[in-house]
Amino acid sequence: MLWLAVLLMGAAVWAGCETEADPVRHEAVSTRNVIMNRDGSTLYVANIDVPTITVVNAKTRKVVKEIPVCKDPATLALSPDESKLAVACTGADRVDVIDVEEGEVEQQLKVKGEPYGVLFSPDGNRLYVSAYRADQVDVVDTDTWQITKQIPVSDGPRAMALTADGGKLYTVHYLSGKISVIDTRSEQARKVVALSPSPDKSDRKKSQGVPNTLEAITISPDGKRAWVAHLLTNIDTPIKFDETIFPAISVLDLTRDEEIPDERKELFEEINVKDTNNVTMIVSNPSDIVFHPDGKKVYVLMGGSEDLVVFDLDRGGNATSILRRVPGDNPRGLAISRDGARLYVHNAMSLDMAFIDTNAADPYSGPSVNGSNLRLVKKDSLSPVVRQGKRLFFSANSDEYAADITKDNWMSCASCHANGETNGLTMMTPKGPRNTPSNVLAMETGRFLWDGSRDDFEDYILTVQGEMGGMLKYDPGKPLPPKVKEMYRALAEYLKTIPVPKNPDIPDNVEQTAEWKRGKEIFEGKGRCIQCHAGRNFTDSAMAVDANGKLTVFTLSHLYDVGTKNPLDRGNPGDPRAGMKNPRPPYLFDVPTLRGVFATPPYLHDGSAQTIRDVLVTRNGQGKHGNVSGLSEADLRALTLYLESLD
């Protein structure tokens, strides 16, 4: 109990006296990976990759305790009476509940579907949990710690915000650009707000595109607005670093539960802070938002470019200053002191906390770093090379590494491969429309890209140069310098750690059912699926080898025409990495893995199939994609069930 005594002493210094916590909360809350208690004395941090929660004394800036919890703790929430701390763990399908006084886990709640967000109701009687893969929000009775209701919502619920009175729960849908509005009294989603696309502009370098990758939602102190951090992705022009991915903040009117398009914050418009050379400072990958307690300023973290952007609502609501380079790597979480004087930044990749003075009292002063960072964990769960690879993957910091991963801080790998996987969008490329592939099993499934034109991960320098604007000083046709090769090796090692998602809708005993067995029989038999989707990873791409058994791009074997060529598809004359000896026609495609396929719609190289049934039927008019034309409806359902169960 020594750690509690330390906290109490800190609280006495901080607050002047010890007061009993009000059992009812009177302010809006949002899902976060770093939170502060009511008197401002203590911070709690979910360490994301490390299965621990860190307790920090806000006054002394020291770690008080590191509490073991379940795998991949994403967010956490403090009960209104501050006696319980709930932690959502995406990697364990579990929510752990910590007794704050004891500093130990006292309850373990099984929640299927990768629980991401947790929030307590204002009276503490209910805990809301967003289940990302299950497409639902679970309601937990905190007396029994049992799920009493599962509220169905649209796909991919993730970050949440709850109004001060607890009447409305806003749940963002990570990839679709939508927000569900849940009436907590009826426990039903009564409305879905679809964020509007930003219209095309003649200047492709100006913000435009469809909203996606919604990272955070925060309600203003007066309860009238909510700000949503997300990306805009321009999907109808060929991918180029400064014409495709843009940061944005959308604003909702909570009295009508509608978006206010005119209040959206976009790069070069509302986000247009100039550097000393009078050039707009590029920021990327917004990750979290907090309001100053007086509601006059808003602070937005940029996890990619590693910056802090300040919006002044008394000066038109535009960005007025940027703190370039928050100390640490991948700032992912943000908390603010009760007086608004200090920001606490959780850096997900460097596993530490930065301290920032807001200097809010001076309308013409921006934030400044206060002191050195605080290490939050004793031991990283990731190996040094995997940590380096993950740090690189999520970074858009053009100045930090041996070679620039992107130009001018525009984008990270995660800008398209959200959370390491996919953004669910079909992007335009010089080869035609291309469905963003998931990185799940990418290092185990043979050749890369839809046309199988790469066989070595270092070939992705072509993507870094052509799409991200980085590493332009290197000749892709020549061997890369050792330090750059090490960057690609680290990235590859990180990709190996991305888990195959599990379908929460598939029962544990599905393999014993007649329907599943029938689907497997069709897959391996008359459906002829196994002819291409073979082996442990359900792809034969790794069989494209040369005479020495080495994976190669100098062959068209194990590429297939399945009748899905898009009118916009173009052939590929080859690339410098292969000495221009790997040309590809526009109708042959590599075989993707089927493991975790339930989680990767849309399907096919051009994203033209919204469902697995569409792959088998709607987009299979020529009958080249398996032998399914004679299957009955029951057979199609059985085959779909089998495919959706693969993990």
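The values are calculated or read from the model by the stated rules, or taken from the named source; none is laboratory data. None of the values given here were measured: they were computed from a predicted structure. Cβ sites come from the backbone with ideal geometry, for glycine too, and all protein chains shown count toward neighbours. We work out accessible area using only protein heavy atoms, side chains counted, and drop any ligands, DNA or RNA first. Shrake-Rupley method; radii C 1.70, N 1.55, O 1.52, S 1.80 Å.
Details
- If you filter segment 141-165 down to residues that are in contact (Cβ under 8 Å) with a residue 40 or more places away in the chain and assigned to a strand (DSSP E or B), you find that the one that is surrounded by the most Cβ atoms within 10 Å (Cβ to Cβ) is Pro157.
- Filtered residue count, segment 303-331, keeping only those that are under 19 Å from Trp227 (Cα atoms), surrounded by 24 or more Cβ atoms within 10 Å (Cβ to Cβ) and of a type in the set (D, E, K, R): 1
- Any hit, segment 623-644, residues being open to solvent by less than 20 Å² (accessible area, probe 1.4 Å), outside any helix (DSSP H, G or I), farther than 18 Å from Pro504 by Cβ and among the polar types (S, T, N, Q): no
- The number of residues in segment 39-63 being open to solvent by 10 Å² or more (accessible area, probe 1.4 Å), more than 19 Å from Ser83 (Cβ to Cβ) and part of a loop (DSSP other than H, G, I, E, B) comes to 6.
- Cβ-Cβ contacts under 8 Å between residues 6 or more apart (or on different chains), taken from a first residue in segment 570-598 that is open to solvent by less than 50 Å² (accessible area, probe 1.4 Å) to a second residue that is among the small types (Gly, Ala, Ser) and assigned to a strand (DSSP E or B), are listed as Pro586/Gly432.
- Filter result for Ala159 (farther than 26 Å from Lys224 by Cα, at pLDDT 95 or above and of a type in the set (A, V, I, L, M)): no
- Within segment 486-502, tally of residues that are under 30 Å from Ser645 (Cα atoms) and open to solvent by less than 80 Å² (accessible area, probe 1.4 Å): 9
- Taking segment 449-468 as the range and being crowded, with 21+ Cβ neighbours inside 10 Å and in contact (Cβ under 8 Å) with a residue 60 or more places away in the chain as the test, the residues that pass are Leu449, Trp450, Asp451, Gly452, Ser453, Arg454, Asp455, Asp459, Ile461, Glu467, Met468.
- Residues that are open to solvent by 40 Å² or more (accessible area, probe 1.4 Å) and outside any loop (DSSP other than H, G, I, E, B), drawn from segment 351-405: Ser368, Val369, Arg375, Pro384, Gln388, Arg391
- Count of segment 406-420 residues which are over 26 Å from Gly156 (Cβ atoms) and crowded, with 24+ Cβ neighbours inside 10 Å: 1
- The C-beta contact set for segment 268-283 (first residue over 15 Å from Leu323 (Cα atoms) and touching a residue at least 40 places away in the same chain (Cβ under 8 Å), second residue among the basic types (Lys, Arg) and open to solvent by less than 20 Å² (accessible area, probe 1.4 Å), distance under 6 angstrom, 6+ apart or interchain) is empty.
- Members of segment 469-485 that are buried (at least 17 other Cβ atoms within 10 Å of the Cβ) and under 23 Å from Val385 (Cα atoms): Gly470, Met471, Leu480, Val484
- Comparison of Asp546, Asp508 shows that the only residue that is at pLDDT below 95, open to solvent by 40 Å² or more (accessible area, probe 1.4 Å) and acidic (Asp, Glu) is Asp508.
- In the set Lys205, Lys168, only one residue is open to solvent by 70 Å² or more (accessible area, probe 1.4 Å), on the phi < 0 side of the Ramachandran plot and charged (D, E, K, R); that residue is Lys205.
- Summed over segment 325-357, residues that are within 16 Å of Leu43 (Cβ to Cβ) and hydroxyl-bearing (Ser, Thr, Tyr) total 2.
- From the list Gly470, Gly446, the lone residue that is closer than 24 Å to Asp647 by Cα and either in a loop (DSSP other than H, G, I, E, B) or not basic (Lys, Arg) (or both) is Gly446.
- Of the residues making up segment 228-244, those that are touching a Phe, Trp or Tyr at 6+ places or on another chain (Cβ under 8 Å) and over 10 Å from Pro211 (Cα atoms) are Phe241, Asp242.
- All conditions but one from (1) more than 20 Å from Ser287 (Cα to Cα); (2) small (Gly, Ala, Ser); (3) within 21 Å of the chain's Cα centre (by Cα) apply to Gly167; the one that does not is (3).
- Output for segment 79-110, where each listed residue is part of a strand (DSSP E or B) and either acidic (Asp, Glu) or under 14 Å from Thr54 (Cβ atoms) (or both): Leu85, Val87, Asp96, Ile98, Asp99, Glu104, Glu106
- Matching option when the condition is part of a helix (DSSP H, G or I), more than 23 Å from Lys431 (Cα to Cα) and touching a residue at least 24 places away in the same chain (Cβ under 8 Å), among Lys483, Lys502, Lys526: Lys483
- Considering residues of segment 95-110 that are open to solvent by 10 Å² or more (accessible area, probe 1.4 Å) and in contact with a helix residue (DSSP H, G or I) (Cβ under 9 Å, 6 or more places away or on another chain) only, the residue nearest to Val172 (Cα to Cα): Val100
- Matching residues, segment 180-190, being assigned to a strand (DSSP E or B) and open to solvent by less than 70 Å² (accessible area, probe 1.4 Å): Ser180, Val181, Ile182, Asp183, Ala189
- When segment 111-140 is filtered for residues that are in a loop (DSSP other than H, G, I, E, B), over 14 Å from Ala88 (Cβ atoms) and either open to solvent by less than 70 Å² (accessible area, probe 1.4 Å) or of a type in the set (D, E, K, R) (or both), the ones remaining, listed by number, are Ser121, Pro122, Asp123, Gly124, Asp135.
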